[in-house]
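Heads up, the thing below is written out as structure tokens.
The values are calculated or read from the model by the stated rules, or taken from the named source; none is laboratory data. What you are looking at is a predicted structure, and each value in this text was computed from that prediction instead of being measured. All Cβ positions, glycine included, derive from the backbone under ideal geometry; neighbour counts span all protein chains shown. Accessible surface areas use protein heavy atoms only, side chains included; no ligands, DNA or RNA. Shrake-Rupley method; radii C 1.70, N 1.55, O 1.52, S 1.80 Å.
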Amino acid sequence: MEILAVGIVVAKENSKRFPGKNIYPYKGVPLFWHSVRALVESKYVDEVYVATNSHEIIDYCAKKNIKTIWRGPNVIEDEEPLLSVLKYSYQTLPKKYDHIVTIMANCPNHNSDEVDEALVMIKTDGFNEIRGFDTSGAETGLLVFKSEVIMNYHQISSHIGIIKSSGKEIHYLEDFEAI
């Protein structure tokens, strides 16, 4: 099955609740890298980018041969909506894709099988968006969109698919105790 997909991880430099969160070491690598790894290991994601305003994250990605997108002044506010940053990032890419996959930078423990399952579901079942949830019903930070949905995100439909995924959102240092 051919699925033309790009992975974009949004990893901002600052966090009000947990300073340095996205670069905090978890299992030997920065927290954001867990999200990148799941996308890189996917058999359907063609390219992976990290959208960031952190020179430290850019340097880390360069060492790992991962492309970055500089989050300019129009998309660096602490509470900038994820969809705004994804749209901005997607518009900067030299190539267009049918699907955009993102795993939030503060959501470790996803794996490539979950990414692949979500991409197959959006491709075959006609959904506009797929979201990951854990067994308790909490969102896990895994999202897949048809690219035209991101470009017109003010019109996101309610035609959303759901998959079970293993990621956990980290907002505070104490959140690591739960994973």
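So here's what we get for this one:
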{"read-out": "Asp113, sole failed condition from (1) part of a helix (DSSP H, G or I); (2) buried (at least 21 other Cβ atoms within 10 Å of the Cβ)", "value": "(2)"}
{"read-out": "Residue match in region 154-169 (condition: under 18 Å from Ile100 (Cα atoms), at pLDDT 90 or above and not small (Gly, Ala, Ser))", "value": "yes"}
{"read-out": "Qualifying residue in region 163-177 (condition: basic (Lys, Arg), over 17 Å from Val10 (Cβ atoms) and open to solvent by less than 60 Å² (accessible area, probe 1.4 Å))", "value": "no"}
{"read-out": "Candidates Glu117, Glu56, filtered to the one that is touching an Asp or Glu at 6+ places or on another chain (Cβ under 8 Å) and acidic (Asp, Glu)", "value": "Glu56"}
{"read-out": "Criterion: more than 19 Å from Ile122 (Cβ to Cβ), among the acidic types (Asp, Glu) and open to solvent by 20 Å² or more (accessible area, probe 1.4 Å) - qualifying residue of Glu2, Glu56", "value": "Glu56"}
{"read-out": "Test: residue in region 116-134 that is under 22 Å from Glu177 (Cβ atoms) and part of a loop (DSSP other than H, G, I, E, B)", "value": "yes"}
{"read-out": "Residue within region 135-152 that is part of a helix (DSSP H, G or I), closer than 18 Å to Val40 by Cα and either open to solvent by 60 Å² or more (accessible area, probe 1.4 Å) or at pLDDT 90 or above (or both) present", "value": "no"}
{"read-out": "Selected residue [in a strand (DSSP E or B) and either of a type in the set (D, E, K, R) or at pLDDT below 95 (or both)] from Asp59, Asp46, Asp78", "value": "Asp46"}
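For (1) within 12 Å of Ala105 (Cβ to Cβ); (2) open to solvent by less than 20 Å² (accessible area, probe 1.4 Å); (3) acidic (Asp, Glu); (4) free of Cβ contacts under 8 Å to residues at least 60 places away in the same chain, each residue gets a yes or a no:
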position: Lys16; (1), (2), (3), (4): no, no, no, no
position: Gly28; (1), (2), (3), (4): no, no, no, yes
position: Leu39; (1), (2), (3), (4): yes, yes, no, no
position: Glu47; (1), (2), (3), (4): no, no, yes, yes
position: Lys67; (1), (2), (3), (4): no, no, no, yes
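Here is a yes/no grid of residues against (1) more than 12 Å from Ile3 (Cβ to Cβ); (2) in contact with a strand residue (DSSP E or B) (Cβ under 9 Å, 6 or more places away or on another chain):
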residue: Leu82; (1), (2): yes, yes
residue: Thr92; (1), (2): yes, yes
residue: Tyr97; (1), (2): no, yes
residue: His110; (1), (2): yes, yes
residue: Asp113; (1), (2): yes, no
residue: Glu117; (1), (2): no, yes
residue: Val120; (1), (2): no, no
residue: Thr124; (1), (2): no, no
